[in-house]
Amino acid sequence: MEKNKKTKDIPETARQRSNIYGLLTLIYRAEVTKELLKHIRDPEFLSVLSDMGAKLEDDFLTGPEDELIEDLAVEYARLFLGPAKHISPHESIHHDTGDGDWGQFWGKSTVEVKKFIETAGLEYKSEYTGLPDHISVELEFMQEAARREAQAREENDSEGLLYCLKMEKKFIDEHLAKWIPIFCDIVISQAELPFYREMAEVTKHFIEFEKDEINKYISEAGTVLSPDR
Amino acid sequence: MAGLNRRNFMKFGIASGALLAAGEGLKSQALAGTVKLQMGGKDFNFKTGTERKAIPTACWSCVTRCAAMGFVEDGRLVKMESNPESIRTLGKMCSKGQSGPNDVYFPDRILYPMKRVGKRGEGKWKRITWDTALTELSGRMKKLRDNGHPEKFMFHYGRMKASSSKLIKSVFLANYGTGTISGHTSICEGGKWVAQELTWGKHYDNWDFDKTKFVLNFGSNIQEAHTNHIPTSQRLIRAKVERGVRTVTFDVRYSNTAAKSDEWIPIKPGTDGAVVLAICNVIMKNNLYDKSFFKFIRATENVNASADEKISALKSHLSKYTPKWAEKITGVSASKIESTAKEFAKAKPAVVISYRGAVAHYNGNDTERGCQMLAAITGNIDNPGGRCRGIGPHWKYPKGPKDKPKAKKLKLAHGFPGTVAYPNHGVCQQVLPMIKDGKAGRPEIYMWYCHNPVYVNGDNQGNREVLKDEKMIPFTVTSNIVYDESSKLADMILPDATYLERWDWEDMVSPNQVPEYYIRQALIKPLGEARDLGDVVIELAEKMGMPLGVGSTKEEYVKKSHEMTAKAVKGFPGFDYMKKHGVWHDPNAKPKYYSHKKEIKADKLKDAILDEATGVYWNPKKAHAKNPEKGYAETKKAYKGYVGQKIGEKVYKSFPPDKVNKSGYLELYSALLKKKGFAPLPTYYPIPEHEKMKPDELHLTTYKVAVHVHSRSTHRKWLSEIYHDNPGWMNPKTAADRGIKDGDKIKVKSPIGEIVTNARVTEKIVPGVIAISYHVGREESGRYGSGRKSPVAGGANDNDPDLKNKFWDTYGMHPNWIIPNSDDPINGQQRWMDTVVTVTRA
């Protein structure tokens, strides 16, 4: 019974994980828009952030909207776009592959990420002009993967589920966890506005949390699967 | 951030979800599509992080040739699966198919052309270039042809099908001018095919398990080995599991097919025919036959006999084959025969199935004819759920130059003169004995392909002596992937591409009466310098100054065949589609049954004449008949002009002849057999050797296992890991009489030799028999198959990490050393199951 209950909860978990990846995708994809700001300022959303320990200062919550949008855009550019020294949000810049093939654009990781994502059945939209290993793309991929995982769970597709979880684990282990915490630490140290600092904190901890939790999901899925195999 | 825990993350997830759901304007996606969990079409290797490319192709391990999918990762073939789109295989694949990558990468594979140094068979080799190899071979071949003796080039193949056969045999060899060609069918199931050609015409019976209600099996090990294994075995299992279809298996051995049957009925070797005839007797005597089908049956000399006359003739003929008579011969109780007969006749539809266990005997021809009779008298012929005529695709293909020379040939492929009445599928086991004999001439060049003539025929020692003798055969050459018992006696070895490295269109029979077109794509480039013989013959022809004009590669040949087929077959989607999907069938096609009922309209008869003696309408022009007045039966290859069979006042397509001039009836009465001195109606012939057996003698019987391919798979480590030893099965009673215990070393002696092996004492074999499988017991075949490394360049890679895991050091004992080459006198089938032996403790 206990096991059944546990597995029943998990589709929901997969959905929520997908949502988190979705939100983080938005945050890193581009500058904060008015609409996004409106949703972030929603009291319910803020209280969740606050429960997690993310502290957004009063002026973020109450200041004039247009000004805040402007400040965030400047901060976004300073942190992630340049043209001066910035923290490039691409894996190949931060992921030490151990063979010297990193630290610049379109490195080994870029190729791997692109191949991985395309092999999983997704394609880069022609209107997306960024690089394949931009942090927001990697997060978006995980959003889709977790969404697919939830579907497999709902359809009781145990083999598909295990496949999906292993795919997620591989992507987390070999990509996200290899560089996003390092990237986030730099963002945390360099951010001037609390929003990006706190979001980097959330991102870093979420990825670390995921790296641990995905093993549990796999072992649970394997246990559920084993009597039928 | 102390609050970053599972609970808060879930709350964060919900809040994020609400935010995402609310904000239509927030969508900013870089990625399109959905994540696919690919289980059959695409794949991803989690170990190496590499994309796997899935390429549709076709297996070649056994002759079933299942549509398949190869997974290639960074240019390396890593996995074989079935093609889920195939209507034949329904996405299933056996262990042989899955072991495909072993065939490509086994460490003893031959990767370069090799030329012998020193005496033939001495085992000394040097590497040569392809150019040197083909210059020498084409030079020798051209010299023969220029001297007017292309027939002195003999080509002997083990398996060559579909486009490979068309390109190599119908285009290359035909253009060169040799007809000295032998296949291998008589050591397989050629006798069954001849018996079918003598009854219903073109061979191949498909068993319609999807719709049958009862399965009666004589000596087919369909669950482990069949020429359409995976497509049919799974359907039989499905019929049993989903519809409770009963299966009754007669066999001397408790095979896995017997084990999966509802009843295993042990029977004395070589006596299946007696049971079949007794079953027919019960059905006729009790009037359980289907009278309506008798319209299409020939059962008397008179081709215009009425149904009642035919019934009466059969009743009379069968009256001596009573269940009590059969009981004495077969060991099967009369009551079991009686009840089985009634069950078969009443279960409509029912299917009688048969294979080598029943057919590879002295009397196999009439056992198979008896099975045809059983199906015919109960109306279970070409009907849903019965014994159906095989349906395959009809590819079109380039035939090469129009003006081909008239083929010259040495008569080596059809047995010693006068020994076999209808060797329609050759008598290949006698090729080497006939070369030794010399009366039919000897080839100067003997080339073999996908074949191992020393090992796969009977009398291995005799075969070896002929092939080794440079005086008998001056030049020997093979195209092979592995150093084996025969290639060690070659003067030149050409490294063949494996089936996973070459192109073909394919055409095996469908189990559901709807033809499936499918292809074999090269999954990777051939390893080393290996080349497909299809590509090689195109170059050989160029070197001899006789270009084939079919494209410069086999791939082009296959592509051209697609273009031609697309013009001829409605809806056929062409090469690009086939490369992507691997398989195609007409979605509107209905399963094909009852084609004999088709009436031939008057306009189709306008160039045909009626042969009164047989009732056959035939077109003498189409048969190239010079003297049609001799009549249909007496005109050479008149069957090629067959148009229809007159039955009553109408003309039907009925059962068109193939390879022999039979009438268009389903001939239970065979005027052709009568002419050759055999009984015209299916008859029981006791096996001469068995009649003379002494009390201490045993029957030697052989069998296939599920995980090996004839003589061509022991180098595949995944298969040899499963099966690498073949002790002789003996019943406890038989063993006890000889003081033999399980595991004892035993000597098995036949009139031509003896072998030493081990005994496996088991109830799974009838008393009086020793059963020894083949496949294993290899002198060569690499370190996984024989424990020996091949002494050739290119192979011998000692880095295969599985070499450390190889736990076995027993390699079995091949029984063919003590089985003579001997033929069914009607059809030339090698009599694998008739050898009499003594067995003693060694």
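The values are calculated or read from the model by the stated rules, or taken from the named source; none is laboratory data. Bear in mind that the values here come from a model prediction, so they are computed numbers and not experimental data. Counting neighbours? That spans all protein chains shown, and the Cβs are built from the backbone with ideal geometry, glycine included.
In the set B:A162, B:A174, B:A133, only one residue is within 30 Å of B:P398 (Cβ to Cβ) and out of contact with any strand residue (DSSP E or B) (no Cβ under 8 Å at 6 or more places or on another chain); that residue is B:A174. Looking across B:A326, B:A345, one residue alone is modelled with pLDDT of 95 or more, under 22 Å from B:M693 (Cα atoms) and surrounded by 21 or more Cβ atoms within 10 Å (Cβ to Cβ). It is B:A326. Does any residue of segment A:49-56 turn out to be part of a helix (DSSP H, G or I), within 14 Å of another protein chain (Cβ to nearest Cβ), closer than 20 Å to A:E198 by Cβ and out of contact with any helix residue (DSSP H, G or I) (no Cβ under 8 Å at 6 or more places or on another chain)? So far as segment A:49-56 goes, yes, one or more of its residues are part of a helix (DSSP H, G or I), within 14 Å of another protein chain (Cβ to nearest Cβ), closer than 20 Å to A:E198 by Cβ and out of contact with any helix residue (DSSP H, G or I) (no Cβ under 8 Å at 6 or more places or on another chain). Checking the structure you have, find out if any residue of segment A:162-179 is in a helix (DSSP H, G or I), closer than 30 Å to A:Y76 by Cβ, at the interface with chain B (Cβ under 10 Å from one of its Cβ atoms) and touching a strand residue (DSSP E or B) at 6+ places or on another chain (Cβ under 7 Å). No, the conditions are met nowhere in segment A:162-179.
Only residues that are of a type in the set (A, V, I, L, M) and under 23 Å from the mean Cα position of the chain (by Cα): list them for segment B:807-842, please. Listed by number, the residues that qualify are B:I819, B:I826, B:M833.
Within segment A:95-123, the set of residues being part of a helix (DSSP H, G or I), surrounded by fewer than 19 Cβ atoms within 10 Å (Cβ to Cβ) and more than 7 Å from chain B (Cβ to nearest Cβ) comprises A:K108, A:V111, A:K114, A:E118. Just one residue in the set A:S158, A:S189, A:S126 is within 14 Å of B:L37 (Cβ to Cβ), more than 7 Å from every other protein chain (Cβ to nearest Cβ), hydroxyl-bearing (S, T, Y) and surrounded by fewer than 24 Cβ atoms within 10 Å (Cβ to Cβ); that residue is A:S158. For B:M434, the conditions (1) assigned to a helix (DSSP H, G or I); (2) under 24 Å from the mean Cα position of the chain (by Cα) are fulfilled apart from (2).
Within segment A:67-78, can one find any residue that is in a loop (DSSP other than H, G, I, E, B), more than 24 Å from A:A145 (Cα to Cα), away from every other protein chain (no Cβ under 11 Å) and at pLDDT below 85?
no
Looking at the structure I just gave you, is A:G130 assigned to a loop (DSSP other than H, G, I, E, B) and either within 26 Å of A:L37 (Cα to Cα) or at pLDDT 85 or above (or both)? It is true that A:G130 is assigned to a loop (DSSP other than H, G, I, E, B) and either within 26 Å of A:L37 (Cα to Cα) or at pLDDT 85 or above (or both). Find the helices (runs of 4 or more DSSP H) located wholly in segment B:632-749 whose residues include 1 or more that are among the β-branched types (V, I, T), and list them. Ranges flagged: B:717-722, B:732-737. Determine, yes or no, whether B:N619 is free of Cβ contacts under 8 Å to residues at least 40 places away in the same chain, of a type in the set (S, T, N, Q) and in contact with a strand residue (DSSP E or B) (Cβ under 7 Å, 6 or more places away or on another chain). Considered against the rule, which asks whether it is free of Cβ contacts under 8 Å to residues at least 40 places away in the same chain, of a type in the set (S, T, N, Q) and in contact with a strand residue (DSSP E or B) (Cβ under 7 Å, 6 or more places away or on another chain), B:N619 comes out as yes. When B:K471 is tested against (1) more than 19 Å from B:C428 (Cα to Cα); (2) assigned to a strand (DSSP E or B), just one condition goes unmet, and that condition is (2). The numbered conditions (1) farther than 17 Å from A:R29 by Cβ; (2) surrounded by fewer than 23 Cβ atoms within 10 Å (Cβ to Cβ) are all true for A:W179 except (2). Only one of the numbered conditions (1) in contact with a Ser or Thr (Cβ under 9 Å, 6 or more places away or on another chain); (2) facing chain B (nearest Cβ under 9 Å); (3) at pLDDT below 95 is violated by A:E140, and that is (3).
Out of everything in segment B:48-95 that is over 21 Å from B:Y577 (Cα atoms), in a loop (DSSP other than H, G, I, E, B) and of a type in the set (V, I, T), what residue ends up being nearest to the other protein chains (Cβ to nearest Cβ)?
Across segment B:48-95, the extreme among qualifying residues is B:T48.
Select from segment A:144-155 the residues that are of a type outside the set (G, A, S), in contact (Cβ under 8 Å) with a residue 24 or more places away in the chain and facing chain B (nearest Cβ under 9 Å) and list them in ascending order. A:E144, A:R147, A:E149 - these are the residues of segment A:144-155 that are of a type outside the set (G, A, S), in contact (Cβ under 8 Å) with a residue 24 or more places away in the chain and facing chain B (nearest Cβ under 9 Å). Being at negative phi, part of a loop (DSSP other than H, G, I, E, B) and modelled with pLDDT of 95 or more is the filter here; which residues of segment B:756-775 pass it? Correct list: B:T762, B:E763, B:K764, B:V766, B:P767, B:I772, B:S773. Is there a residue being surrounded by 20 or more Cβ atoms within 10 Å (Cβ to Cβ) and within 24 Å of the chain's Cα centre (by Cα) anywhere in segment B:687-701? Yes, because at least one residue in segment B:687-701 is surrounded by 20 or more Cβ atoms within 10 Å (Cβ to Cβ) and within 24 Å of the chain's Cα centre (by Cα). The residues of segment B:624-653 that are touching an Asp or Glu at 6+ places or on another chain (Cβ under 6 Å) and crowded, with 23+ Cβ neighbours inside 10 Å amount to a single one, B:Y632.
Which residue out of B:L198, B:L167 is in a helix (DSSP H, G or I), in contact with a strand residue (DSSP E or B) (Cβ under 8 Å, 6 or more places away or on another chain) and surrounded by 20 or more Cβ atoms within 10 Å (Cβ to Cβ)?
Sole residue among the options that is in a helix (DSSP H, G or I), in contact with a strand residue (DSSP E or B) (Cβ under 8 Å, 6 or more places away or on another chain) and surrounded by 20 or more Cβ atoms within 10 Å (Cβ to Cβ): B:L198.
Per the conditions (1) touching a strand residue (DSSP E or B) at 6+ places or on another chain (Cβ under 7 Å); (2) surrounded by 15 or more Cβ atoms within 10 Å (Cβ to Cβ), the sole criterion not satisfied by B:K598 is (2). In segment B:491-503, is there at least one residue being more than 20 Å from the chain's Cα centre (by Cα) and over 29 Å from B:C59 (Cα atoms)? Scanning segment B:491-503 turns up at least one residue that is more than 20 Å from the chain's Cα centre (by Cα) and over 29 Å from B:C59 (Cα atoms). Looking only at segment A:22-48, residues that are assigned to a loop (DSSP other than H, G, I, E, B) and over 17 Å from the mean Cα position of the chain (by Cα) come to 3 in all. Cβ separations smaller than 7 Å between residues 6+ apart or across chains give the following pairs from segment B:605-616 residues that are more than 13 Å from B:Q645 (Cβ to Cβ) to residues that are of a type outside the set (S, T, Y): B:D607/B:N619; B:D607/B:K621; B:I609/B:W618; B:I609/B:P620; B:I609/B:P628.
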